[in-house]
Each structure stands twice: as C-alpha cells, then as structure tokens.
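Accompanying notes for the structure given below.
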Amino acid sequence: MDNSHFFVTGDPMIYGADVSIVLAMVAIVFSLTYFKKWGWLWREWITTVDHKKIGIMYLLSSLLMLFRGGMDAVLMRIQLAFPNMHFLESQHYNEIFTTHGTIMILFMAMPFMFALFNMVVPLQIGARDVAYPMLNAVSFWLFFIGAMLFNISFVIGGSASAGWLSYPPLSENQFSPGPGQNFWIWGIQISGIGSLATGINFIVTILKMRTPTMRLRDMPLFSWSVLSSSIAILGVFPILTVALIMLTIDRLLGGHFFTMTAGGNPMMWVNLIWMWGHPEVYIVVLPAFGVYSEIVATFSKKRIFGYSSMVFSMIAISVVSYYTWAHHFFTMGAGANVNIVFAICTMIIAIPTGVKVFNWLFTMYRGRVRLSQPMLWFYAFVPCFLVGGATGVMLAAAPADYQYHNSYFLVAHFHQVLIGGVVFGYLAGLYYWWPKLFGFKLNERLGKWGFWFWQIGFYVCFMPQYALGFMGMTRRIYIYNQSAGWDMGWAPLNLISTVGAFLMGIGFVFQVWQILYSVKHGERDVTGDAWDGRTLEWSIPSPPPVYNFAILPTAKGKDAWWYQKEDMKKEDYKPEPVKYEPIHMPKNTGIPFIMSCFFFVAGFGFTFDWIWMGVIGLIGVAVTLFVRSFQYDTDYYISVEEIERTEKALRNNISVHRTAN
C-alpha cells in the first residue's frame, strides 16, 4: 500500500473502498434528485435545530461508524486467525488498528451517547428544547465533519498508524511523516470542540430548563447520568484540546513539546492523553448506567431502589474518574508512592459501580419483571460488566499490572467493559426509546436473533483473549510465527476469537435488518406510552410534536408520569382545564452546517500543510460567526390555533386507546 500519493494506492481493499464510496455518493445524489428531496433535506435536516432530529442524525452517524469500526475489527481478526498470515500488509494493519480504536470511542460511542442525550433529556425534564438549540446543531455538524475528515484518510493521504492514542515519538514527524497523523489530529480536534459544546449545553439544559415543578432530587436517573457525564466532559475535553494543539505545533510548526532529544518529554503526552482518556471511559459509561436505571424500573414496575445512593454514586464516579489516569502506566517508573495513590483510586471507583448493580438487582426483587428487548440487554450487561469490573480491579493492583500490562488480557478487559457496559447499554436505550422517537417498536423476533448472535459472539471473541494474555501474547502484534501459533497454543485461541468477531458482525446485520423491516411492519405505538413508562417522555404522543409539550407538565415527585397515571385511574379524577398559549421556538438555520464546512476546509488544509487553505477555512469560520452575531430574526411563535390542531390530531387515538384500557 502506497501512501506517498494524494490517493492511497496499491491495495485491492482500498480500490474496493474507492468504488463503494463513488457508488454510494452517486446513489444518494440520484435518489435525492429523482425524488426531488434536495429542498426537503435542507429544510428538515441540514438546517434543523430540533433536538429530536439532531438526536436521530447522531444515531444514524454512530450506527454507520459502528459498521466502519466493526469492519476494521473483523479485518484485524482475520489477520490474526492463523500464524504467518499476510492478509494485511503491516502498514495497513497498523492503520486499521489505529482507526478502529479511535472510531469506536470518539466516533461511535460519543455520538451514540449524544443521540440519547438529544432524544431523551428534554422530554424527561419537561422542556420544549435544549438551552442552546443553535449550539446543539453546531455540535452535531462539528462532530460529523470531524468524523468525515478522519474517515476519508483511508482513501486520501493514508490513515494514522501510531495507535489510537498516538503516543510520541511514533506520532511525531520523524516516525509518522505525511498527512495520516494530521488527519487523526484534526478529525478529533474538530469533533472534540463539538463534544465540549454538547457538555456545556446539557449542563445548562438540565439545571435551567426543567419544568418549574421538577426538583433536582426528583429528576429521572438518566438525566442525572447525563449531568454527571457532562460535568466530566467539561473537565477533561479541554485537556484533549490542549494536547492536540501541542502535537500540532510539534508537527506543523517544528515545536518540540514531546521530542526528548530537543528538550521535550513524550511522557507529558502520555499524562495529558490519559487525563482525558480514562475519564472518557466513565463519560461514555455513565449514560449507559442511566439507561439501565430507567429500563429496570420500568420493566420491574417498581420505583428504583436506592434513588439517592444511585445519584451519589454517579456523581462520585464522575469526580473520582479524574484521579485514575496514571494506572495506565504503572510500568513507566513513576514510583511506588504514585502507583499506590492511583491504585487505591482505581479500586475505590469500583464501589459506586457495585452500588448501582446491587440497586438494580434489588429493584427487580419482587417486581413484576417483563422480558422485553431492552431488558434482555440489561441481563446481558450484568455478568459481562461484573467480569470486566473484576479484571479491572486485577489491573488496578500495580504489581500484578506488570504482568498483565500490554497483553491481550488488557485487550479483553477493555472490550468487556466498553462493549458489555457501554454498547449493550446504548443498544438497550435504542430499543427502549425507539418507539418514542419513531412511533413504532422494533421487531422482537429479529431483535432476539441479533441479541443472541451478539452475546455468543462476544464471549467467543473475548474470553480466549484473557488466556492469550496469560500465555504471553502482547497487544499491537501484527503477525506471529508457527512456533508461537501451535507450540504455545496461540493459533487455536486466535481462530476461536476470530469466529466470535464474525458472530457479532452477524448480530449487527440482524439489527440493521430489524430496523429496515420494522419501518414497514413494526408494531405502531398509538398510546405514546409504549412500555407503560414512569417518566415524562411517555406522557406525550409518539413521535413528539416539534414543541414537545403543549403545556409544561407538572412533576410531583419521582416517577411523575407513573403517579399521574395512577391518579387518572381514580373515579373522582377530573383533568385540569387546558388553556394553550403561543409557544416560543427557534428557527432553523444553515449557519452550523456552513460553519462546519469551513472547519472541514481548515482541517483538510492544515492536514496537507496547505496553510493558505487552512487560513481560508478559519476565515470562513470567523465570517459565519460574525454573520450569526447580526442575525436577529432567529425565533418564532407557534400560534394557539396551530397547537390546538396538532394536539387534537395527535391525541384522538391516544384518548380512545387509554379509555379502552
């Protein structure tokens, strides 16, 4: 594979990717033109500031990135299935290794998380929108453009190959010349700005936009998890931004922050990247904990056990996560005293996590548990995360870590936690809130096929990797010889692991099939309350109107909608008279999309050291900000008549169905 040209050449898979990209673009352009949907695409999606539509775009993007990152994983597993495999060239393998980790964490897990933020939080807290709708759109488009900039590197210029955290000196010009590493820097930098803005937006939304009757101590646990995660984002994403700026200065301007021979220190990068990197794990897992809390309470038909301890444990995880980063380099010679402090903090953070698991189990105790699709993913999470947590405590012991570090034991642990905790949680949330956003449930039969392929494939893939770690197989290995393969027993376990990766891929195919099938044949949600839910998002029609709530809801304590439904069942219940008022809403705007395009131009220019293009892009960003600052016609009112028409159309079927039941 040749990365010395503008277009990557010399690998049949790259040529196949080129053809696929061209065909996909032609198909998209043809379809939009043939069905005359260009105007609809611009008005309804590209310029939207509706948090629900932004959440859907985040969701689609994350599923696309799950496919891309999953394909990278399958290619790596094929390469390692047998000794002396030459399925991939060494450079191509290193690039795939780098892009897989980066995509799965930053371009799959983060947007999946933000999808749930946008789809759920304003509905749960009784708000009509997020605090900063325009900033919310900017956040999405910066993420999307950053992801696209990163992903085009595998056909233009070549991908980064220094690992998904790009340790210097591998990521410096001496060992990573060319645009590949710059694509990594600018893709993450641009999307990271969007992530930081999202954290700010949802902190303000939760603290200032709740319906006036909802107290913080009564807020749903998913919204608490979002607040905890957003606080962590606010604390650590600036560290990532600064670290990337320093690496950019090293590469673009000849600086030496991380060049040891010129007075720099590569360990400074390792500290900075893990000051962001380990809290990042908790940033993405906290919302999954919130998802599980909502699902367990709903499908057990009980109030969550230990609400206060659940809230405290999430805040504790958010705070203590700042003090665990050095356990990633116990072997670097920091000294026993430093290792002890970070080992203790790493073990302490397991306590609030354990509290949550016990509370979920106690919630189910004597509850009327329903075995639904979301609940299946919770059941899968519990044993998987317990194994991941136990192996994490093993790694937290500094002396033992000298043996486990950089082995496949660590690879297995990391995936056990990230897939078993985060991906399972987000998929559970996808199944749970899908009827609310789209108005229909996903097919149960296909969903269970996908679930079992995921579960069986997961354990077949990663359990052998614990054994491989004990047997001496290190991370980042590209090829191993016959002696290691058969005499040391690596080959059979690697082959089994590869089979597991394919099984998980089949599970993903079933899920895509499930979504496509359910669009036409899925059970329609005519009640607005598909699961007999407990929180406010289930009190409005599915899918919700643009303004969410015609009248801001009353939240009397925890599980506000559940107790309101209990009141509605009483014989003497009399609904309060409805009096609508005009609703203030933001107008759509193309500024976020245009600004992100200029960010793309800037990132692309600096990636290839075309300073003139980078400067033009930054000027374009400044111009869009200037134009926005002089836009005054940015909102409108929905009239009472329009609200009445919308509510009447939405609620007719709901009223009939609820009366019948």
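The values are calculated or read from the model by the stated rules, or taken from the named source; none is laboratory data. No experiment lies behind these values; they were computed from the predicted model shown. All Cβ positions, glycine included, derive from the backbone under ideal geometry; neighbour counts span all protein chains shown. The area values use the complete protein model at the heavy-atom level, side chains included, leaving out ligands, DNA and RNA. Shrake-Rupley method; radii C 1.70, N 1.55, O 1.52, S 1.80 Å.
Below is a table of values for the structure above.
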read-out	value
Residue count for the stretch 140-174, restricted to those that are in a loop (DSSP other than H, G, I, E, B) and either open to solvent by 10 Å² or more (accessible area, probe 1.4 Å) or over 16 Å from Gly614 (Cβ atoms) (or both)	18
Test: residue in the stretch 510-521 that is surrounded by fewer than 20 Cβ atoms within 10 Å (Cβ to Cβ), of a type outside the set (Val, Ile, Thr), part of a loop (DSSP other than H, G, I, E, B) and without any contact (Cβ under 8 Å) to a residue 24 or more places away in the chain	no
Selection count where residues are within 22 Å of the chain's Cα centre (by Cα) and in a helix (DSSP H, G or I), scope the stretch 431-451	11
Leu618 within 23 Å of Gly194 (Cα to Cα), exposed (fewer than 14 other Cβ atoms within 10 Å of the Cβ) and either without any contact (Cβ under 8 Å) to a residue 40 or more places away in the chain or in contact with a Phe, Trp or Tyr (Cβ under 6 Å, 6 or more places away or on another chain) (or both)	no
Members of the stretch 306-318 that are without any contact (Cβ under 8 Å) to a residue 60 or more places away in the chain and either under 22 Å from the mean Cα position of the chain (by Cα) or buried (at least 19 other Cβ atoms within 10 Å of the Cβ) (or both)	Ser313, Ala316
Restricting the stretch 175-206 to residues that are touching a residue at least 12 places away in the same chain (Cβ under 8 Å) and open to solvent by 30 Å² or more (accessible area, probe 1.4 Å), the residue that is farthest from Ser61 (Cα to Cα)	Phe175
Qualifying positions in the stretch 129-139 - open to solvent by less than 10 Å² (accessible area, probe 1.4 Å) and not polar (S, T, N, Q)	Val130, Ala137
Cross-chain or 6+ apart pairs with Cβ under 8 Å, the stretch 463-490 first and free of Cβ contacts under 8 Å to residues at least 24 places away in the same chain and under 24 Å from Leu395 (Cα atoms), then open to solvent by less than 60 Å² (accessible area, probe 1.4 Å) and in a helix (DSSP H, G or I)	Met471/Trp490; Met471/Leu493
Search result, residues across the stretch 636-646 that are open to solvent by less than 60 Å² (accessible area, probe 1.4 Å) and either outside any helix (DSSP H, G or I) or within 11 Å of Pro586 (Cα to Cα) (or both)	Ile638, Ser639
Within the stretch 476-509, tally of residues that are among the hydrophobic types (A, V, I, L, M, F, W, C), open to solvent by 70 Å² or more (accessible area, probe 1.4 Å), assigned to a helix (DSSP H, G or I) and modelled with pLDDT under 95	1
Residue among Phe140, Phe82 that alone is of a type outside the set (A, V, I, L, M) and closer than 21 Å to Ala412 by Cβ	Phe82
All positions within the stretch 532-541 that are open to solvent by less than 20 Å² (accessible area, probe 1.4 Å) and in a loop (DSSP other than H, G, I, E, B)	Gly533, Arg534, Thr535, Ile540, Pro541
Residue within the stretch 61-72 that is farther than 17 Å from Gly146 by Cβ, open to solvent by 10 Å² or more (accessible area, probe 1.4 Å), over 10 Å from the mean Cα position of the chain (by Cα) and small (Gly, Ala, Ser) present	yes
The stretch 363-398, residues that are under 22 Å from the mean Cα position of the chain (by Cα), buried (at least 20 other Cβ atoms within 10 Å of the Cβ) and either free of Cβ contacts under 8 Å to residues at least 24 places away in the same chain or under 17 Å from Gly290 (Cβ atoms) (or both)	Pro374, Met375, Trp377, Phe378, Phe381, Phe385
Candidates Ala27, Ala81, Ala109, Ala115, filtered to the one that is open to solvent by 30 Å² or more (accessible area, probe 1.4 Å) and among the small types (Gly, Ala, Ser)	Ala27
Set Trp325, Trp360: member being touching a Pro at 6+ places or on another chain (Cβ under 9 Å) and either open to solvent by less than 20 Å² (accessible area, probe 1.4 Å) or among the hydrophobic types (A, V, I, L, M, F, W, C) (or both)	Trp325
Any hit, the stretch 348-361, residues being outside any helix (DSSP H, G or I) and in contact (Cβ under 8 Å) with a residue 24 or more places away in the chain	yes
Residues being within 20 Å of Leu247 (Cβ to Cβ), free of Cβ contacts under 8 Å to residues at least 40 places away in the same chain and open to solvent by 40 Å² or more (accessible area, probe 1.4 Å) - total across the stretch 585-612	2
Number of positions in the stretch 84-106 that are surrounded by fewer than 19 Cβ atoms within 10 Å (Cβ to Cβ) and closer than 25 Å to Glu280 by Cα	1
Condition check for Gly126: open to solvent by 20 Å² or more (accessible area, probe 1.4 Å) and in a loop (DSSP other than H, G, I, E, B)	no
Gly457 being modelled with pLDDT under 95, open to solvent by less than 10 Å² (accessible area, probe 1.4 Å) and either touching a Gly at 6+ places or on another chain (Cβ under 6 Å) or under 23 Å from Met110 (Cα atoms) (or both)	no
Among (1) within 30 Å of Gly178 (Cβ to Cβ); (2) within 28 Å of the chain's Cα centre (by Cα); (3) outside any helix (DSSP H, G or I), the one test that Asp609 misses	(2)
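For (1) surrounded by fewer than 22 Cβ atoms within 10 Å (Cβ to Cβ); (2) in a helix (DSSP H, G or I); (3) in contact with a Pro (Cβ under 6 Å, 6 or more places away or on another chain), each residue gets a yes or a no:
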{"site": "Ile233", "(1), (2), (3)": "no, yes, no"}
{"site": "Ile239", "(1), (2), (3)": "yes, yes, no"}
{"site": "Gly255", "(1), (2), (3)": "yes, no, no"}
{"site": "Phe258", "(1), (2), (3)": "no, no, yes"}
{"site": "Val270", "(1), (2), (3)": "yes, yes, no"}
{"site": "His278", "(1), (2), (3)": "no, yes, no"}
{"site": "Leu286", "(1), (2), (3)": "no, yes, no"}
